[in-house]
Amino acid sequence: MTLLTALAILIIAAAAFLLGRAKASALAGDNYAQLHSRPNYHGLYSLMWVLIAGLGALIVVSGLAGAVIDSTMTSRASALTGEALSQIQLDLMLNDARAIATGGIPSSVDPAREALAEYYTAAGFWRGVAVLIAGVGAALAALLRTRSQISMEWRARNRSERVIRAVLAVSATIAILTTVGIVLSLIGETLIFFNRIDWRLFDYFFGTTWSPLAGVFEGKLDPEKVGAIPLFAGTAMITVIAMLVAVPIGLMAAIYLSDFASPKVRAWTKPLLEVLAGIPTVVYGFFAAITVAPFIRDNGGVIVPILGLLAAVIVGFLALLLLERARPGFRQSLTRQAGGYGLVAYFAVFALGGLAVIWSANPGFTFDVASESALAAGVVMGIMIIPFISSLSDDVINAVPQSLRDGSYGLGATKAETIRQVILPAALPGIVSAVLLGVSRAVGETMIVVMAAGQGANLTWNPMETVTTVTVQIVALITGDTEADTAAAPAFALGFTLFFITLALNIYALRIVRKYRELYD
Amino acid sequence: MTVAEDLGGDAPAETGAVARIPSASARTAPELKMTARSCDVFYGDNHAIKNVDVDILDNTVTAFIGPSGCGKSTFLRCLNRMNDTIDICRVTGELTLDGEDIYDAKVDPVQLRARVGMVFQKPNPFPKSIYDNVAYGPRIHGLVRNKADLDDVVEQSLRRASLWGEVSDRLDQPGTGLSGGQQQRLCIARAIATAPEVLLMDEPCSALDPIATARVEELIHELRENYSIVIVTHSMQQAARVSQKTAFFHLGHLVEYDDTTKIFTNPHDKRTQDYITGRIG
């Protein structure tokens, strides 16, 4: 019946459009230009009011009738059984009655339920009739009213635009209200959690032991074991590893795509790269768990020294930057040492130093690598993020005006010099915001970490060990078999903290993007 | 070698039907800097420049005039091989700088562009500080040994672009924050800092107001002391004011090339006359 009513309203709306347009046309006659609004707008205005009035009446009447039926059934159920029913019994009874009425399968059948079902069927019919009358009536009233308003001077165009604007505003409001509602509920639940741990915020933000459900058998959270530091440290470590993989590869891919690839290569490379972004993260997850993590475990003897070497060279590079800043020209003088091989020697010292540190810690180069490691999760997550960085950076690099490239080439710069000294600095704000968006994806990523990094809240610096992240702990809390009321509180607190961090990152990224736009607009 | 000697020898053989090379200059003739002989340019199938012969003299301002789409900018971009960056563009014929073929396989376009600098229609300062904008060329070409020399080059370039007085106290501010006219003079300073021998200017004043235009024109006049300058312009008054030689392009042909005074008072070709009197273009 409701569907029928809606259909009738749509038909009336279509009729309203045609009638309004026809009336306006007829009014105008040959003085078409004298009509304030074109006939289509008169039709549109009529149509919109018919829809708003008709569907509005339908929703209101249907809702009111539903409420009346429910309350009547509730009171009748108590009267029929002659005893006070608990809420759950009542719900069951009403559901059974509805099932009998609509031909479903009830849990049990008795006279009281059948009587209720009979009422439900009858009431349902009258409800349908009421909805039909109200909906069609309102629609027809709106049709007549708007049609009577049509005249040469009637500003249907301005008015229908106002109605459209209102519809758009309502849609936007719904989206905003939803967000606000989610944030408010996050805040509320977080406050409840803090209340349960007696407002020991310090323990939450700086504690190093995470096992919030340890005291659950005594019916309360153990405030000693709610330290979120290991989770955030794990998140940070995996994010850093992921970005170390994604940023260089993504950025270099972007530079290749935007400035070196021929249009033909670019035409098929870019979509291919973006396919990476379309792979579900759960697929990346088991790829990490089944392929990458065991590979790392089996080859720890090779990977650990390589990592140590890389870390040492990176430290050496940073030290060089600092020294160059403190004493300009340091790098040049270093290059001239040792017969022109000064710089090579400098990095060799750092590399050997890195290896020496690892050797002193483990002379046999036999490493006990966990089968789930931060490295495996981080590397795979990095691969997942590459297309985000490369695609966004490619757009940003392409947005650097050709005139800047020409200016640089015109001064006799090579392509590489132009990219390094003009294009990248000009695109830097956009690239930074691409990286920050990548970071917020890495922070929020769950599946890969669940499968490849483990669940133990382990506070460690070693990327070869198992760690856990905020999102993984939320999953563990919610899907665990502890009752939802208790488990949800720490999950909400973690969720809120994570939300806050991601929000801050996104706002920062947006600000950078805005600054970047101002530069060229 | 003077122009007269050079052209006297092979003018009949070299010059096409449309281009008229001047016979002699009244004053002491400047040196020949760049030459083009039967130069053709194609964009894909489009024949943009047809059999152009031009001589660019040292310490002279040469103006290229002509209606939009006549190929004057395209030809200008051949002179420092900027067209190399456009894939579908093909250049044939002989173009020389100091007698060397610039399209020879041995010539590195990057080095060529350091010798033949370019200023563009729209001011395009890099999003860097004013100082770094000017220092860009000297840095990449290793023209200076230390910071003091670089400071010196930057100051000299800005002075010669008559911008020093306006920016000397804010060299660390972004170049994009200057006004349009200042930006264009910054771009000129940036081009001078690389110490080119020839300066190509592609409608350098078309985005500027009359006051900024006057300053840039004044600047062109002063720069002529040290450089060979080629300027593309839509403004015939500008060509008449700043140049000593003028080349008129029409539909990819070089219609006429002569002393500026001759072009504007007594043009040889009917099309030139029609253009400068405003009947075509």
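Here are the numbers for the structure shown:
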item: Index of the failed condition, A:THR414 passing every other in (1) within 14 Å of chain B (Cβ to nearest Cβ); (2) under 30 Å from A:VAL357 (Cβ atoms); (3) hydroxyl-bearing (Ser, Thr, Tyr); result: (2)
item: Selected residue (only one of A:TYR341, A:TYR346 is farther than 29 Å from A:ALA442 by Cβ, more than 14 Å from every other protein chain (Cβ to nearest Cβ), open to solvent by 90 Å² or more (accessible area, probe 1.4 Å) and among the hydroxyl-bearing types (Ser, Thr, Tyr)); result: A:TYR341
item: Selection from the stretch B:246-263 of residues that are out of contact with any helix residue (DSSP H, G or I) (no Cβ under 8 Å at 6 or more places or on another chain) and part of a helix (DSSP H, G or I); result: B:THR261, B:LYS262
item: Some residue of the stretch B:218-235 being over 13 Å from the mean Cα position of the chain (by Cα) and either hydroxyl-bearing (Ser, Thr, Tyr) or closer than 20 Å to B:THR74 by Cβ (or both); result: yes
item: The stretch B:130-148, residues that are over 24 Å from B:ILE220 (Cα atoms) and part of a loop (DSSP other than H, G, I, E, B); result: B:GLY142, B:VAL144, B:ARG145, B:ASN146
item: Near pairs, Cβ below 7 angstrom, 6+ apart or cross-chain, from the stretch B:49-69 (on the phi > 0 side of the Ramachandran plot) to any residue that is of a type outside the set (D, E, K, R) and open to solvent by less than 10 Å² (accessible area, probe 1.4 Å); result: B:ASN59/B:SER228; B:GLY66/B:PHE248; B:GLY66/B:PHE249
item: Odd one out for B:PRO127 among (1) within 11 Å of chain A (Cβ to nearest Cβ); (2) open to solvent by 10 Å² or more (accessible area, probe 1.4 Å); (3) outside any loop (DSSP other than H, G, I, E, B); (4) not aromatic (Phe, Trp, Tyr); result: (3)
item: Residue in the stretch A:350-360 that is within 30 Å of A:PHE286 (Cα to Cα) and either touching a helix residue (DSSP H, G or I) at 6+ places or on another chain (Cβ under 8 Å) or at pLDDT below 85 (or both) present; result: no
item: Count - residues of the stretch A:462-483 that are out of contact with any strand residue (DSSP E or B) (no Cβ under 9 Å at 6 or more places or on another chain) and over 30 Å from A:VAL357 (Cβ atoms); result: 13
item: Check on B:LYS122, more than 23 Å from B:VAL232 (Cα to Cα), at the interface with chain A (Cβ under 9 Å from one of its Cβ atoms) and not aliphatic (A, V, I, L, M); result: no
item: Count of the stretch A:412-439 residues which are of a type in the set (S, T, N, Q) and open to solvent by 20 Å² or more (accessible area, probe 1.4 Å); result: 2
item: All positions within the stretch B:74-84 that are closer than 21 Å to B:MET236 by Cα and within 12 Å of chain A (Cβ to nearest Cβ); result: B:LEU76, B:ARG77
item: Helices (runs of 4 or more DSSP H) (entirely within the stretch B:162-245) containing at least 3 residues that are crowded, with 19+ Cβ neighbours inside 10 Å and within 14 Å of chain A (Cβ to nearest Cβ); result: B:180-193
item: Of residues in the stretch A:387-411 being free of Cβ contacts under 8 Å to residues at least 24 places away in the same chain and open to solvent by less than 10 Å² (accessible area, probe 1.4 Å), the one farthest from the other protein chains (Cβ to nearest Cβ); result: A:SER408
item: Near pairs, Cβ below 6 angstrom, 6+ apart or cross-chain, from the stretch A:455-480 (open to solvent by 50 Å² or more (accessible area, probe 1.4 Å)) to any residue that is assigned to a loop (DSSP other than H, G, I, E, B) and of a type in the set (A, V, I, L, M, F, W, C); result: A:ASN458/A:VAL467; A:GLU465/A:ALA370
item: Any hit, the stretch B:78-89, residues being open to solvent by less than 40 Å² (accessible area, probe 1.4 Å) and polar (S, T, N, Q); result: yes
item: Matching residues, the stretch B:72-111, being hydrophobic (A, V, I, L, M, F, W, C) and more than 24 Å from B:LEU143 (Cβ to Cβ); result: B:PHE75, B:LEU76, B:CYS78, B:ILE86, B:ILE88, B:CYS89, B:VAL91, B:LEU95, B:ALA105
item: Near pairs, Cβ below 7 angstrom, 6+ apart or cross-chain, from the stretch B:104-125 (over 17 Å from A:THR414 (Cβ atoms)) to any residue that is among the hydrophobic types (A, V, I, L, M, F, W, C) and in a loop (DSSP other than H, G, I, E, B); result: B:GLN121/B:ALA207; B:LYS122/B:ALA207; B:PRO123/B:ALA207
item: Residue list for the stretch B:90-113, restricted to those being assigned to a helix (DSSP H, G or I) and open to solvent by less than 70 Å² (accessible area, probe 1.4 Å); result: B:PRO109, B:VAL110, B:LEU112, B:ARG113
item: Which listed residue is more than 12 Å from chain B (Cβ to nearest Cβ) and in contact with a Phe, Trp or Tyr (Cβ under 7 Å, 6 or more places away or on another chain), from A:LEU352, A:LEU436; result: A:LEU436
item: Among (1) part of a helix (DSSP H, G or I); (2) facing chain A (nearest Cβ under 10 Å); (3) over 18 Å from A:GLU417 (Cβ atoms) - the single one B:ASP151 does not satisfy; result: (2)
item: Where A:VAL304 falls short, out of the listed (1) in a helix (DSSP H, G or I); (2) surrounded by fewer than 21 Cβ atoms within 10 Å (Cβ to Cβ); result: (2)
item: Test: residue in the stretch A:234-248 that is in contact (Cβ under 8 Å) with a residue 40 or more places away in the chain and not in a helix (DSSP H, G or I); result: no
item: Condition broken by B:GLN156, with the remaining ones in (1) within 14 Å of chain A (Cβ to nearest Cβ); (2) open to solvent by 40 Å² or more (accessible area, probe 1.4 Å) satisfied; result: (1)
item: Selection within the stretch B:54-77 - open to solvent by less than 40 Å² (accessible area, probe 1.4 Å) and in a loop (DSSP other than H, G, I, E, B); result: B:ASP58, B:THR60, B:GLY66, B:PRO67, B:CYS70, B:GLY71
item: Residue in the stretch A:452-500 that is nearest to A:LEU213 (Cα to Cα), counting only those that are among the hydroxyl-bearing types (Ser, Thr, Tyr) and in a helix (DSSP H, G or I); result: A:THR486
item: Single unsatisfied condition, B:VAL144 versus (1) of a type in the set (A, V, I, L, M, F, W, C); (2) under 17 Å from B:ALA114 (Cβ atoms); (3) modelled with pLDDT of 90 or more; result: (3)
item: Meets criteria (in contact with a Leu (Cβ under 9 Å, 6 or more places away or on another chain) and open to solvent by 10 Å² or more (accessible area, probe 1.4 Å)) for B:VAL116; result: no
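The values are calculated or read from the model by the stated rules, or taken from the named source; none is laboratory data. A quick note: this is a predicted structure, and the numbers were derived from the prediction, not measured. As a convention, Cβ positions derive from the backbone with ideal geometry for all residues, glycine included, and neighbour counts pool all protein chains shown. For the accessible areas, the whole protein counts, side chains as well, though only heavy atoms, and no ligand, DNA or RNA atoms are used. Shrake-Rupley method; radii C 1.70, N 1.55, O 1.52, S 1.80 Å.
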